[in-house]
1. If I ask for residues that are under 26 Å from G68 (Cα atoms) and either open to solvent by 60 Å² or more (accessible area, probe 1.4 Å) or small (G, A, S) (or both), which ones from the range 102-131 would you list?
2. Scan the range 89-127 for residues that are closer than 22 Å to E30 by Cβ and not in a strand (DSSP E or B) and jot them down.
3. Kindly provide the set of residues from the range 181-209 that are open to solvent by less than 10 Å² (accessible area, probe 1.4 Å), among the aromatic types (F, W, Y) and closer than 15 Å to A153 by Cβ, ordered by number.
4. Does the range 171-180 contain any residue that is over 21 Å from E133 (Cβ atoms) and either among the acidic types (D, E) or open to solvent by less than 10 Å² (accessible area, probe 1.4 Å) (or both)?
5. Which pairs turn up if I take residues in the range 211-234 that are among the hydrophobic types (A, V, I, L, M, F, W, C) and look for partners that are open to solvent by 90 Å² or more (accessible area, probe 1.4 Å) with beta carbon separation below 8 Å, at least 6 apart in sequence or on another chain?
6. Does R139 fit the bill of being modelled with pLDDT of 95 or more and either open to solvent by less than 60 Å² (accessible area, probe 1.4 Å) or on the phi > 0 side of the Ramachandran plot (or both)?
7. Could you list all residues from the range 142-158 that are modelled with pLDDT under 95 and either surrounded by fewer than 19 Cβ atoms within 10 Å (Cβ to Cβ) or hydrophobic (A, V, I, L, M, F, W, C) (or both)?
8. If you check every pair at least six apart or on different chains, which have Cβ atoms under 7 Å apart with a residue in the range 49-68 that is farther than 11 Å from H89 by Cα first and a residue that is among the polar types (S, T, N, Q) and assigned to a loop (DSSP other than H, G, I, E, B) second?
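The values are calculated or read from the model by the stated rules, or taken from the named source; none is laboratory data. This is a predicted model, so every value here is computed, not measured. As a convention, Cβ positions derive from the backbone with ideal geometry for all residues, glycine included, and neighbour counts pool all protein chains shown. All accessible areas refer to the heavy atoms of the entire protein, side chains included, with ligands and DNA or RNA removed. Shrake-Rupley method; radii C 1.70, N 1.55, O 1.52, S 1.80 Å.
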Amino acid sequence: MIKFLYVIFMNLFRAPYMIPKMRYQANHPEKYSERRRYSLLCHAIKLMKHTGHIHTKFYGEDNLPKEGGYIMYPNHQGKYDALGIMITHKNPCSFVMDKVKSNMILVNEIVDLVQGKRLDRKDIRQAMNVLNEVAEEVREGRKYIIFPEGDYAFNNKNQMVPFKAGCFKCALKAKAPIVPVALIDSYKVFNSYTMGKVTTQVHYLKPLLYEDYKNLKTKDIARIVQERIRKVIEDYSFT
């Protein structure tokens, strides 16, 4: 949290230029392509990384499907998670996040810039509608990030909680590849007491194709995805 406030403070002089620019492009998708808006977001992330002395390594890019839409399911560690994925993911992608948290300044602009989805955890019907919208867009070729843990603990030290099975329904509905993503030390960026240099890792794992999971229950899909991520994190812990 301290580093988060520090990065925001150190970039305040850019806010009068960057935030209106992000807001304008988000409000006019007819003028700015998805790739152009994504490029602006990545520029903003690079500025934050430079100011916060954040380095992100990524692995397994070849595991990402070359064509069509897919859904990435990472473990959840903090505010930097989606940013760490997007800055290492060359093609435009979007994400689903909690509606309440999405209303923060800058976060609000980021969500709208990539046409992200705001999910209301207290409204089951709204949440289902959001996942149905994601499924439809993925069928049309978009890429999404969904955090199956739902939330994260402060300073979680790479620990996970059980994945929620319901969020895998949209992958089934879209008949899309599921890409497990292992995030390591992402919590150190904005959700710990760390103030120095931070190195995080993003691991794109081998996808589960629809043919691999179409006959499985969502709770079994959730278990498989979580175990694949857990293995990568555990392997890192013993190195």
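1. The answer is Q115, G116, A127, M128, N129.
2. N91, P92, C93, N108, E109, I110, V111, D112, L113, V114, Q115, G116 - these are the residues of the range 89-127 that are closer than 22 Å to E30 by Cβ and not in a strand (DSSP E or B).
3. Scanning the range 181-209 gives a single hit, F190.
4. Taking every residue of the range 171-180 in turn, at least one turns out to be over 21 Å from E133 (Cβ atoms) and either among the acidic types (D, E) or open to solvent by less than 10 Å² (accessible area, probe 1.4 Å) (or both).
5. From the range 211-234, the pairs are A222/P162; A222/K164.
6. Working: modelled with pLDDT of 95 or more: yes; either open to solvent by less than 60 Å² (accessible area, probe 1.4 Å) or on the phi > 0 side of the Ramachandran plot (or both): no.
Spelling it out, it is not the case that R139 is modelled with pLDDT of 95 or more and either open to solvent by less than 60 Å² (accessible area, probe 1.4 Å) or on the phi > 0 side of the Ramachandran plot (or both).
7. Just the residues of the range 142-158 that are modelled with pLDDT under 95, to begin with: 150-157.
Selection gives G150, D151, A153, F154, N155, N156, K157.
8. Sorted first by the residue in the range 49-68, then by its partner, the pairs are T51/N11.
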